[in-house]
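For reference, the structure is listed below as structure tokens.
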Amino acid sequence: MADVKKHDTPMVDELKSGPWPSFVDDIEQRGFNGKQACLDLLGQLELSYKHKETHWKHGGIVGVFGYGGGVIGRYSDVPEEFPAIAHFHTIRVNQPASKFYSTAFLRKLCEIWDYRGSGMTNFHGSTGDMVLLGTSTDQLEPVFFDLTHQMGADLGGSGSNLRTPSCCVGKARCEWSCIDTQDICYNLTMTFQDELHRPAFPYKFKFKVSGCPNDCVAAIARCDCAIIGTWRDEIRIDQEAVKAYMGGELKPNAGAHSDRDWGAFDIQKEVIDLCPSQCMMMDGNELKINNRECVRCMHCINVMPEALRPGLDTGATILVGAKAPILEGAQLATVALPFIKMDKDNDYEEIKDFVDKVWDWWMEEGKNRERFGELIQRQSMQEFLRRTELKPIPQMVKEPRSNPYVFWSAEEVEGGWKRDVKTFRARHAA
Amino acid sequence: MGVNMEELKEKVLAFATKKAAHKSKMYIKDLYKADPDASPRQIKKAANELVKEQKLEYFSSGSTVMYGVPGFGKGIEEAFEE
Amino acid sequence: MDNTNIAELLAKPYDKELAEKLYDPKKPMENRITDIGPPHYEQFFPPVIKENYGKWKSHEIVQPGVIKYVSETGAVCFAVRCGSARLITTDLIREICEIADKYCEGYVRWTTRNNIEFHVTDEEKLKALLDDLNGRKNPGGSYKFPVGGTGAGMTNIVHTQGWVHCHTPAIDASGVVKSVMDELFEYFGSHKLPAQVRVALACCLNMCGAVHCSDIAILGIHRKPPLVEDDRITGVCEIPLAVAACPLGAIKPATVEVDGEKKKTVRVNENRCMFCGNCYTMCPAMPLADGEGDGIAILVGGKISNRISAPKFSKLIIPYIPNEPPRWPSTVKVIKNILEKYSENANKYERLGDWAERIGWERFFEICDIPFTEKSIDDYRLAYDTYRTTTQFKWSVHTD
């Protein structure tokens, strides 16, 4: 239909075969359907396959007025060959919490992006945004005006900003969610719009919200402040359903192992013996759980979802400081608040108070491009506790320290540190 | 705290302009020195308002955002489009 | 702008001229709407989701890719999960909309791992939807919407952008993912592994994809120190930023003569470089990419879930595999082998990393027939934590 030119792409074309969805076919078809940018992109990819090197350049300075984030500049380093992708900037659009969409919303987004961009997207970026891939500098403001005026959508975060918060499917479709992940995610996103759009911090800061310790958004591994649902009362047990699992009427793990013969379900071997805190036992035909010893790993609940459910006194564990390796090495998040109620009625005040203290410390003491977890490493967990006014508890460490070099302060030692050497020498000859 | 936002903005702008002569892109942390009595949050607020007034500008590498003074230094975009 | 009710706004036809009418570059703040945040999620819920919010009681995976949820109200919802390339066009999104309109009352969802989820409430519709999805193919024969990604199988590979759109990658992303998923396709649509296997790919050490806690991580690495463009560096970056970017202090300011003119630049202590690429991130005049030097490292045994064992990092078992576009056969072979050995040897519910720890890493290397090299011994921060400080170890091919 349209006047488009396909480049010769023999290597890239090899990725059309095989059962997994072919991005090459999808992009090429979009190209034939009138988008030269798509065909140019495949052409440039072929060149990368030949050179085994990227052909994208650094971008900078592009953005929409008044926002320090949401747009990433990108330029081809072979624009003469592939002029339709000479500019190929990325726009991050803040996704609705847990990524449900109406087709009306998606269609409008497609219309905007077909008109003003390449027609290519990432659904979604790693952080969770809808990512619009590929437009020129002059289209950035119009895309932003279209998004805000015609869709009620806004940009996500990038740079030294709060990054777009994200959450798991939560109570929308999961019986294990101990907290209202969507509402928390939306509330934090709205509360911190200024931090999301304008630089505020030494580096990026991420929130992620998972409804239970299965942690389907990987909060514990990749965000500065992880909010993970948990409970502090008893696991709810339906003893009849336990018997149904034992009798083989119900499929263990909700059918997750259905394509292999693992033998008859053995509750001792598959649940009780695998419990990390060994807090379960069979008492005759009854399953007993010593909830005080439970570490809420979810295994027994995952294996017998019809029989076991999380407790009803629910809230969240807050962990801080996870990050990928750049630069001081990867970190998993550390327990800061073992349990807080996530109370919608007081606007999640408790977590916001905590976050304020975290940010105050980090904005003051953090070095440029230092993630929050790295600041804790550099200045110590103790300093973190002082600045956030938290009481040290054993839940915050795997084990007590083994090295004895404690930084005592003068105030902690009887008589302080001011001493008179003459008095000392009066007792001890030099 | 008795920090006047207009006064603070003036201090931040004066500081950034002076600094821009030899270092055209600044981290927010650099701007803290514009007024040691103001908190990091107040400085951030002042700097971001100055951007709205087109007296400062953002400069983003994608992973980090810095501040610049319009007219000073070379933007990365310019460098690429040469 | 009320973000909780945008239905009316969405119902209006797209006005292509509106933005240019509203935006005046001379008065950039005029007519500008800012800080409205994302649309409120609730207006995008299918009716059954909205009505049963917080009331779900249990679920069952009735077949790979199809999860049945039952509510306390008795309501039932089937979620049908399909793989996607993540990198998708507006044409494909429109096709997804067409399916969602036909079967799902106009609603659709994406998962954290880039799968697409369609929701239906009765079995007849479920069957029709599955038939429809299975019948949709690309011109080259690949499925557009393969159903799977549940239970003890392999779900979609989360990945970064690679050569398709990133400026710092050591490898492609989409091509490697397609190659691996083609080969391991049977595990996407079945439940025959001991537990779920989460594979992730990051095209450089920046790890936008945060692959560091995956059962199998495919990681792009550079192996040549950055070049320094003396004639260009001062124009495109600030020298102090480039110097500060190096975590090992290997970059120092320097002055050189270019065409008889003294120029400020930097020099790299190449023996100290660990190829992290942070300098290039901060300074475009220090490129690292190199067709011969770049390639793939494989890390395994990480996990995120708190189930049974604590979350843990993936460990580096293969330091380098060359880039082999377009199908990366060596990488695919290595991953398939690890997956098969894990499948044969691990216990039910045992994640890959838990299996490796139970049998010992010496045995893991032996069973998977992977050569152990000094590159698998840590020498960065906290390296000592990974050294063996007990006489408890197993005899293996390494000691025989």
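Which of (1) without any contact (Cβ under 8 Å) to a residue 24 or more places away in the chain; (2) under 16 Å from A:SER98 (Cβ atoms); (3) more than 10 Å from every other protein chain (Cβ to nearest Cβ) is the odd one out, the single condition C:GLY135 does not satisfy? Unmet for C:GLY135, out of (1) without any contact (Cβ under 8 Å) to a residue 24 or more places away in the chain; (2) under 16 Å from A:SER98 (Cβ atoms); (3) more than 10 Å from every other protein chain (Cβ to nearest Cβ): (2). Suppose the filter is touching a Lys or Arg at 6+ places or on another chain (Cβ under 7 Å), surrounded by 24 or more Cβ atoms within 10 Å (Cβ to Cβ) and either in contact (Cβ under 8 Å) with a residue 12 or more places away in the chain or not assigned by TED's automatic domain parsing to the domain that holds A:GLY34 (or both); does A:LEU155 pass it? It is true that A:LEU155 is touching a Lys or Arg at 6+ places or on another chain (Cβ under 7 Å), surrounded by 24 or more Cβ atoms within 10 Å (Cβ to Cβ) and either in contact (Cβ under 8 Å) with a residue 12 or more places away in the chain or not assigned by TED's automatic domain parsing to the domain that holds A:GLY34 (or both).
Every test in (1) at the interface with another protein chain (Cβ under 9 Å from one of its Cβ atoms); (2) in contact with a Pro (Cβ under 9 Å, 6 or more places away or on another chain); (3) outside any loop (DSSP other than H, G, I, E, B) is passed by C:HIS167 save one, and that test is (3). Checking each residue in region B:43-69 for being within 11 Å of another protein chain (Cβ to nearest Cβ) and over 14 Å from A:ARG198 (Cβ atoms) picks out B:GLN54, B:SER61, B:GLY62, B:SER63, B:GLY68. Answer yes if at least one residue in region A:2-23 is assigned by TED's automatic domain parsing to the domain that holds A:ASP114, out of contact with any Gly (no Cβ under 6 Å at 6 or more places or on another chain), assigned to a loop (DSSP other than H, G, I, E, B) and under 22 Å from A:ARG116 (Cβ atoms), and no otherwise. No; the residues of region A:2-23 include none that is assigned by TED's automatic domain parsing to the domain that holds A:ASP114, out of contact with any Gly (no Cβ under 6 Å at 6 or more places or on another chain), assigned to a loop (DSSP other than H, G, I, E, B) and under 22 Å from A:ARG116 (Cβ atoms). Scanning region A:202-229 for residues that are assigned to a loop (DSSP other than H, G, I, E, B) and β-branched (Val, Ile, Thr) yields a total of 1.
Exactly one residue out of A:ILE301, A:ILE351 is within 22 Å of the chain's Cα centre (by Cα) and among the β-branched types (Val, Ile, Thr): that is A:ILE351. Can you say whether A:GLU370 is surrounded by 10 or more Cβ atoms within 10 Å (Cβ to Cβ), of a type in the set (Asp, Glu), in contact (Cβ under 8 Å) with a residue 60 or more places away in the chain and closer than 30 Å to B:THR64 by Cβ, as far as the supplied structure shows? So A:GLU370 passes the test. The combined condition, being acidic (Asp, Glu), surrounded by fewer than 20 Cβ atoms within 10 Å (Cβ to Cβ) and more than 12 Å from every other protein chain (Cβ to nearest Cβ), is not fulfilled by A:ASP259.
Residues in region C:257-291 that are among the polar types (S, T, N, Q), under 28 Å from A:ARG74 (Cβ atoms), more than 8 Å from chain A (Cβ to nearest Cβ) and part of a helix (DSSP H, G or I): C:THR281 alone. Scanning region C:70-91 for residues that are within 7 Å of another protein chain (Cβ to nearest Cβ), at negative phi and of a type outside the set (A, V, I, L, M, F, W, C) gives C:GLY83, C:SER84, C:THR89, C:THR90, C:ASP91.
You will find that of C:TYR380, C:TYR320, the residue that is open to solvent by 30 Å² or more (accessible area, probe 1.4 Å) and modelled with pLDDT under 95 is C:TYR380 and no other. Condition first: farther than 26 Å from A:PRO202 by Cβ, part of a strand (DSSP E or B) and either open to solvent by less than 40 Å² (accessible area, probe 1.4 Å) or among the β-branched types (Val, Ile, Thr) (or both). Can you find one or more residues in region C:226-247 that meet it? No, region C:226-247 contains no residue that is farther than 26 Å from A:PRO202 by Cβ, part of a strand (DSSP E or B) and either open to solvent by less than 40 Å² (accessible area, probe 1.4 Å) or among the β-branched types (Val, Ile, Thr) (or both).
Once region C:268-285 is narrowed to residues that are surrounded by 15 or more Cβ atoms within 10 Å (Cβ to Cβ) and more than 21 Å from B:TYR27 (Cα to Cα), the residue that is farthest from the chain's Cα centre (by Cα) is C:VAL268. Just one of the listed residues (A:SER98, A:SER177) is of a type outside the set (D, E, K, R), within 27 Å of the chain's Cα centre (by Cα) and not assigned by TED's automatic domain parsing to the domain that holds A:PHE32, and it is A:SER177. Which one of C:LYS315, C:LYS394, C:LYS348 is within 30 Å of A:HIS51 (Cα to Cα) and open to solvent by 20 Å² or more (accessible area, probe 1.4 Å)? Going through C:LYS315, C:LYS394, C:LYS348 in turn, the sole match is C:LYS315. When residues in region C:35-85 are screened for being under 22 Å from A:GLY152 (Cβ atoms) and aromatic (Phe, Trp, Tyr), 4 of them pass. Looking at A:LEU385, A:LEU375, A:LEU337, just one residue is touching a strand residue (DSSP E or B) at 6+ places or on another chain (Cβ under 8 Å) and either open to solvent by less than 30 Å² (accessible area, probe 1.4 Å) or closer than 24 Å to A:PRO213 by Cα (or both), and that residue is A:LEU337. Checked against (1) closer than 15 Å to A:CYS178 by Cβ; (2) more than 14 Å from chain C (Cβ to nearest Cβ), A:LEU308 passes all but condition (2).
All told, C:PRO13 meets the bar of being open to solvent by 50 Å² or more (accessible area, probe 1.4 Å), modelled with pLDDT of 95 or more and more than 7 Å from every other protein chain (Cβ to nearest Cβ).
Of all the residues in region A:141-169, those that are more than 14 Å from chain B (Cβ to nearest Cβ) and more than 14 Å from the chain's Cα centre (by Cα) number 14.
Let's see how each residue does on (1) assigned to a strand (DSSP E or B); (2) more than 8 Å from every other protein chain (Cβ to nearest Cβ); (3) under 33 Å from the mean Cα position of the chain (by Cα):
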position: C:GLU8; (1), (2), (3): no, yes, no
position: C:ILE36; (1), (2), (3): no, no, yes
position: C:TYR53; (1), (2), (3): no, no, yes
position: C:LYS57; (1), (2), (3): yes, no, yes
position: C:LYS68; (1), (2), (3): yes, yes, yes
position: C:ILE93; (1), (2), (3): no, no, yes
position: C:ILE96; (1), (2), (3): no, no, yes
position: C:PHE118; (1), (2), (3): yes, yes, yes
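Given the criteria crowded, with 23+ Cβ neighbours inside 10 Å and farther than 24 Å from C:PRO326 by Cβ, does C:CYS213 qualify? Considered against the rule, which asks whether it is crowded, with 23+ Cβ neighbours inside 10 Å and farther than 24 Å from C:PRO326 by Cβ, C:CYS213 comes out as yes.
Within this structure, A:ASP40 passes the test of being crowded, with 24+ Cβ neighbours inside 10 Å, touching a helix residue (DSSP H, G or I) at 6+ places or on another chain (Cβ under 6 Å) and farther than 30 Å from B:LYS44 by Cβ.
Results for (1) in the same structural domain as A:PHE205 (by TED's automatic domain parsing); (2) more than 21 Å from A:ARG222 (Cα to Cα), shown as yes or no for each residue.
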site: A:LYS344; (1), (2): yes, yes
site: A:ASP347; (1), (2): yes, yes
site: A:LYS352; (1), (2): yes, no
site: A:GLU383; (1), (2): yes, yes
site: A:PRO404; (1), (2): yes, yes
site: A:LYS418; (1), (2): no, yes
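Taking region A:287-328 as the range and being open to solvent by less than 20 Å² (accessible area, probe 1.4 Å), hydrophobic (A, V, I, L, M, F, W, C) and assigned to a strand (DSSP E or B) as the test, the residues that pass are A:LEU287, A:LEU308, A:ALA316, A:ILE318, A:LEU319, A:VAL320.
The values are calculated or read from the model by the stated rules, or taken from the named source; none is laboratory data. Predicted model only: the values in this text are computed from it and were never measured. Every residue, glycine as well, gets a Cβ built from its backbone with ideal geometry; the counts of neighbours run over all protein chains shown. The accessibility values were calculated without ligands, DNA or RNA, using every heavy atom of the protein model including side chains. Shrake-Rupley method; radii C 1.70, N 1.55, O 1.52, S 1.80 Å.
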